[in-house]
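These notes concern the structure reproduced below.
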Amino acid sequence: MSKDLDTTSAELLVKSKKTKIQVIARAASLLRALEHEPNGLSLGALAQRLKLPRSTIQRIVGALEAENLLIAASPTGRVKLGPALLRLAASVETSASAMAKPYMIDIARALGETVDLSVLGRGHAILIDQATASPGSNAASAIAEKLPLHCTAHGKSMLALLTDAEIEQKIGRSYPARTEHTLTRLSTLLSDMQETRSTGIAYDLQEHTLGKCGLGVGFRDAIGNRLALSVTMETERFGELKSEAAGRLLELRELLVARLSAK
């Protein structure tokens with residue numbers, strides 16, 4: 001009898017653990033569903049998108065709202081991502097910067113160029129850290145500067161982490177021309193994305209600024225933030241440094257992905 005009770009207790013414990021894991025997985029799916037929805041979604045829309053009963057969605061939303069991970073988006077019941085998530089994201093970005101900085105400095109000194117670290121914003125890349133070749137060196141962009149996604153190495157390397165449909169949803173089907181080399185249509189940008197996904201390297205070939213070329217690599221951290229490491233340089237130096245820069249950035253990306261995932 002005692003053995004039967006022990007077996008039943010063990011089975012209940014396993015079932016309880018599975019249920020908790022399922023709840024966490026569903027909560028994560030719900031947060032991801034709201035990632036590109038700045039105006040929020042209704043409970044009904046979430047239930048339909050996640051193929052879950054509305055009552056289940058309501059329970060998960062209630063728990064996430066209690067932790068400030070979700071907030072009301074309208075008086076009619078829509079919800080959107082909350083400020084607690086922004087604080088978590090900022091913490092991870094700081095962590096990525098701290099891990100990457102010594103290596104970024106090494107790469108900057110080896111290449112004689114500035115190395116940038118960016119994060120994917122709602123419609124742009126945001127520069128969050130950089131390393132220059134030497135103290136006092138001038139960088140092309142400033143920390144916290146917002147850069148276009150369709151014509152920079154920072155932006156294109158992070159766009160390549162999205163699906164084609166997500167790219168269209170994020171930046172639309174046509175884009176302003178910064179130079180005569182800018183890709184201004186979704187169809188040509190998606191062709192470029194195929195190449196980037198294949199090689200792991202995104203290129204800015206005078207697409208943002210005439211006389212400047214860049215390359216970048218994109219990666220995700222442990223909670224799904226999209227980040228990019230990139231180098232921008234004068235066009236005349238690009239052919240000489242392209243291969244070395246690509247190799248160094250790819251190596252650093254692999255190191256960061258491994259360390260961030262292990263946290």
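The residues of segment 226-263 that are among the hydroxyl-bearing types (Ser, Thr, Tyr), open to solvent by 30 Å² or more (accessible area, probe 1.4 Å) and under 22 Å from Ser97 (Cβ atoms), listed by number, are Thr232, Ser261. With respect to being touching a residue at least 60 places away in the same chain (Cβ under 8 Å), out of contact with any Lys or Arg (no Cβ under 9 Å at 6 or more places or on another chain) and not small (Gly, Ala, Ser), Glu145 falls outside the description. Pull up segment 140-160, narrow it to residues that are open to solvent by less than 40 Å² (accessible area, probe 1.4 Å) and part of a loop (DSSP other than H, G, I, E, B), then point me to the one that is modelled with the lowest pLDDT. Checking each candidate, the answer is Ser141.
Which one is nearest to Lys242 (Cα to Cα), of the residues in segment 108-128 that are among the aliphatic types (A, V, I, L, M) and outside any strand (DSSP E or B)?
So the first thing to find is which residues in segment 108-128 are among the aliphatic types (A, V, I, L, M), and the list is 108, 110-111, 115, 117, 119-120, 125-128.
Still in the running and outside any strand (DSSP E or B): 108, 110-111.
On the way: Ala108: 13, Ala110: 13, Leu111: 10 Å.
Going through the qualifying residues, I end up with Leu111.
Applying a threshold of 6 Å to beta carbon distances and a minimum spacing of six or more residues, or different chains, the list of pairs starting in segment 216-227 at a residue that is in contact (Cβ under 8 Å) with a residue 24 or more places away in the chain and ending at one that is of a type in the set (S, T, N, Q) and open to solvent by 20 Å² or more (accessible area, probe 1.4 Å) reads Ala222/Ser261. Scanning segment 180-193 for residues that are open to solvent by 20 Å² or more (accessible area, probe 1.4 Å) and of a type in the set (Val, Ile, Thr) yields a count of 2.
Screening Gly247 on (1) under 30 Å from Leu34 (Cβ atoms); (2) at pLDDT 95 or above; (3) not β-branched (Val, Ile, Thr) shows it passes everything except condition (1). The single condition from (1) in contact with a strand residue (DSSP E or B) (Cβ under 6 Å, 6 or more places away or on another chain); (2) at pLDDT 95 or above; (3) assigned to a helix (DSSP H, G or I) that Val257 fails is (2). Taken over segment 28-45, the residue count meeting the criterion of being open to solvent by less than 30 Å² (accessible area, probe 1.4 Å) and under 24 Å from Arg87 (Cα atoms) is 5. Any residue that is open to solvent by 30 Å² or more (accessible area, probe 1.4 Å), more than 18 Å from the chain's Cα centre (by Cα), at negative phi and of a type in the set (D, E, K, R) - is there at least one of those in segment 198-210? No: segment 198-210 contains no residue that is open to solvent by 30 Å² or more (accessible area, probe 1.4 Å), more than 18 Å from the chain's Cα centre (by Cα), at negative phi and of a type in the set (D, E, K, R).
Per-residue answers, yes or no, for (1) surrounded by 13 or more Cβ atoms within 10 Å (Cβ to Cβ); (2) at pLDDT 90 or above; (3) not charged (D, E, K, R):
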position	(1), (2), (3)
Met1	no, no, yes
Leu5	no, no, yes
Leu12	no, no, yes
Pro53	no, yes, yes
Thr56	yes, yes, yes
Ile60	yes, yes, yes
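In segment 229-244, what residues are under 12 Å from Met104 (Cβ atoms) and among the hydrophobic types (A, V, I, L, M, F, W, C)? Of everything in segment 229-244, those that are under 12 Å from Met104 (Cβ atoms) and among the hydrophobic types (A, V, I, L, M, F, W, C) turn out to be Leu229, Val231.
Scanning segment 71-80 for any residue that is assigned to a loop (DSSP other than H, G, I, E, B), modelled with pLDDT of 90 or more and under 30 Å from Leu229 (Cα atoms) turns up nothing.
The values are calculated or read from the model by the stated rules, or taken from the named source; none is laboratory data. The structure presented is a predicted model; accordingly, all values stated were derived computationally and were not measured. Neighbour counts are summed over all protein chains in view; Cβ atoms, including those assigned to glycine, are modelled from backbone coordinates with ideal geometry. Surface accessibility is based on the protein's heavy atoms, side chains included, excluding ligands, DNA and RNA. Shrake-Rupley method; radii C 1.70, N 1.55, O 1.52, S 1.80 Å.
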